[in-house]
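The values are calculated or read from the model by the stated rules, or taken from the named source; none is laboratory data. Being a predicted model, the structure only gives us computed values, none of them experimental. Here the Cβ positions follow ideal geometry from the backbone for every residue, glycine too, while neighbour counts run over all protein chains shown. With ligands, DNA and RNA removed, areas are computed over all heavy atoms of the protein, side chains included. Shrake-Rupley method; radii C 1.70, N 1.55, O 1.52, S 1.80 Å.
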Amino acid sequence: MSKKECEELSQLEIKGLGAVSTGFLVQHKNFGKGEVEGVFQFSSGENTIRINFEQHGSKALVPEYANLQPYEQKLTLLGKLKNIFK
């Protein structure tokens with residue numbers, strides 16, 4: 001199976017953040033504040049989280065190594081709508 005084969009997850013449990021889903025706001029030491037665009041699991045079992053950072057654009061990070069901190073403990077309006085219509 002190719003590593004490129006992946007599925008989008010509705011949420012992912014990440015140590016230090018809890019259950020993360022689309023719209024969750026995070027803080028990164030280098031990239032600053034960002035909003036989760038999606039969480040993915042590859043066929044290999046590895047997870048990736050795509051975050052749109054205000055100052056640095058969209059980045060795909062491995063959650064175990066990203067050292068993310070919660071920015072706020074709530075979803076944005078966009079995140080809530082995406083979760084409703086999945």
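Within segment 25-43, the residues that satisfy the criterion of being closer than 16 Å to G79 by Cα and either open to solvent by 20 Å² or more (accessible area, probe 1.4 Å) or among the hydrophobic types (A, V, I, L, M, F, W, C) (or both) are L25, V26, K33, E35, V36, E37, V39, F40.
Can you tell me which condition Y65 does not meet? The list is (1) part of a strand (DSSP E or B); (2) over 12 Å from the mean Cα position of the chain (by Cα), and all the others hold. So Y65 meets the others, but not (1).
Residues in segment 1-24 that are aliphatic (A, V, I, L, M) and either at pLDDT 95 or above or crowded, with 18+ Cβ neighbours inside 10 Å (or both) were compared, and the one that is farthest from P70 (Cα to Cα) is L9. Checking each residue in segment 31-51 for being assigned to a loop (DSSP other than H, G, I, E, B) and at pLDDT 95 or above picks out only F31. Residues in segment 11-30 that are over 22 Å from I84 (Cβ atoms) and either acidic (D, E) or part of a loop (DSSP other than H, G, I, E, B) (or both): K15, G16, K29, N30.
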